[in-house]
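Each remark here refers to the structure printed beneath this line.
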Amino acid sequence: MATILDSVDQRTKLVGENRLELLIFQMHTAQMFAINVFKVKEVVKLPKLNRLPGSHPHITGVANIRGVSIPVIDLRRAIGMRCDTHEGEYNIIITEYNRSVQAFMVGQVMNIVNLTWRDIQPPPKQVGKHNYLTAITKIPRDGFDRLVSIIDVEKVLAEIVDYDIQISNGVLDNTIVNHFAGKKVLIVDDSSTARAQIRDTLSQLGVEVIEASDGLKALTLLKSWCDSGKSVHDEIMMMFTDAEMPEMDGYKLTHEIRNDPRMSDLFIALNTSLSGSFNEAMVEKVGCDRFISKFQPDLLVEVVQDRLRDMLTATVS
């Protein structure tokens, strides 16, 4: 299975063209699930696990992969599915999210599919707020269109890892903090957990947050302000956007903004769990102002403060 992922680095050209590739897998049911290939480092058969007494109940053990200890999360248990009889094929998907490496124990890992973000839809509202999906899609299989559920990995991890939203001493600039009153920031992310992390962090500054769950919704909002004669800069001081989102990804969203003269100079920070030099290159390519790897509350605050300082300087001059 690892050979399927050998060419992942060559696939990065898809991102920025509103395309993605999904790794499809099952968890001992007929239902199919997926995560984005760009977050996958490797897929291997389930190795022998070392148990960790006192660890989170969703962590089934630690795998030693070429001398590196990697926590293994039972994904079936983590998303609320009933435990199976421990029969059948088991694999682990080793991933990198939010600057950390972890593995997810699943059943059969099937294949990689190439889609556009327009093929990806948000989960139906009827599933409620507590589901573990960021999106759904359909792929052809066995002569039928089969539903695929795309896992909200950030929500799964947030329930295992306690993300601290507190701002460290010395980060907050008390000389400008009063100027945040009345300022608004647009957050664009398909994960409600990720939006909550940013919202709760920035609320400590007194910043008001506007949320959009995908790039297309954000672009529609921005264009509606422009069409009604409003200045985007009067409505928001900046925008944080995720990279991967249904219907329109963050790269495409940034491209569209930069090519609309009414809002082309909007300050945009790419805030994503995808990390590394690839994203830095994409930031430069599409024209984002900053790149932040999730989740770093101090860095979020520093970026917002830097933006406010620039605005205050421009007002004085």
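The values are calculated or read from the model by the stated rules, or taken from the named source; none is laboratory data. All of these numbers come straight from a predicted model, not from anything done at the bench. Counting neighbours? That spans all protein chains shown, and the Cβs are built from the backbone with ideal geometry, glycine included. SASA here: full protein model, heavy atoms, side chains in, ligands and nucleic acids out. Shrake-Rupley method; radii C 1.70, N 1.55, O 1.52, S 1.80 Å.
Might you check whether a residue that is assigned to a loop (DSSP other than H, G, I, E, B), in contact with a Leu (Cβ under 8 Å, 6 or more places away or on another chain) and surrounded by 15 or more Cβ atoms within 10 Å (Cβ to Cβ) occurs anywhere in region 62-76?
Within region 62-76, none of the residues are assigned to a loop (DSSP other than H, G, I, E, B), in contact with a Leu (Cβ under 8 Å, 6 or more places away or on another chain) and surrounded by 15 or more Cβ atoms within 10 Å (Cβ to Cβ).
Within region 223-245, how many residues are outside any loop (DSSP other than H, G, I, E, B) and under 20 Å from S293 (Cα atoms)?
Residues flagged as outside any loop (DSSP other than H, G, I, E, B) and under 20 Å from S293 (Cα atoms) within region 223-245 amount to 4.
Any residue at all in region 200-221 that is on the phi < 0 side of the Ramachandran plot, of a type in the set (V, I, T), open to solvent by 20 Å² or more (accessible area, probe 1.4 Å) and touching a Leu at 6+ places or on another chain (Cβ under 8 Å)?
Checked region 200-221: at least one residue is on the phi < 0 side of the Ramachandran plot, of a type in the set (V, I, T), open to solvent by 20 Å² or more (accessible area, probe 1.4 Å) and touching a Leu at 6+ places or on another chain (Cβ under 8 Å).
Could you count how many residues in region 173-220 are among the polar types (S, T, N, Q) and out of contact with any helix residue (DSSP H, G or I) (no Cβ under 9 Å at 6 or more places or on another chain)?
5
Which residue, of N50, N91, is loosely packed, with under 13 Cβ neighbours inside 10 Å and modelled with pLDDT of 90 or more?
Step by step, each of N50, N91 is checked, and only N50 is loosely packed, with under 13 Cβ neighbours inside 10 Å and modelled with pLDDT of 90 or more.
For region 140-166, give me each residue that is buried (at least 16 other Cβ atoms within 10 Å of the Cβ) and modelled with pLDDT of 90 or more.
Residues satisfying the conditions are V148, S149, I150, I151, V156.
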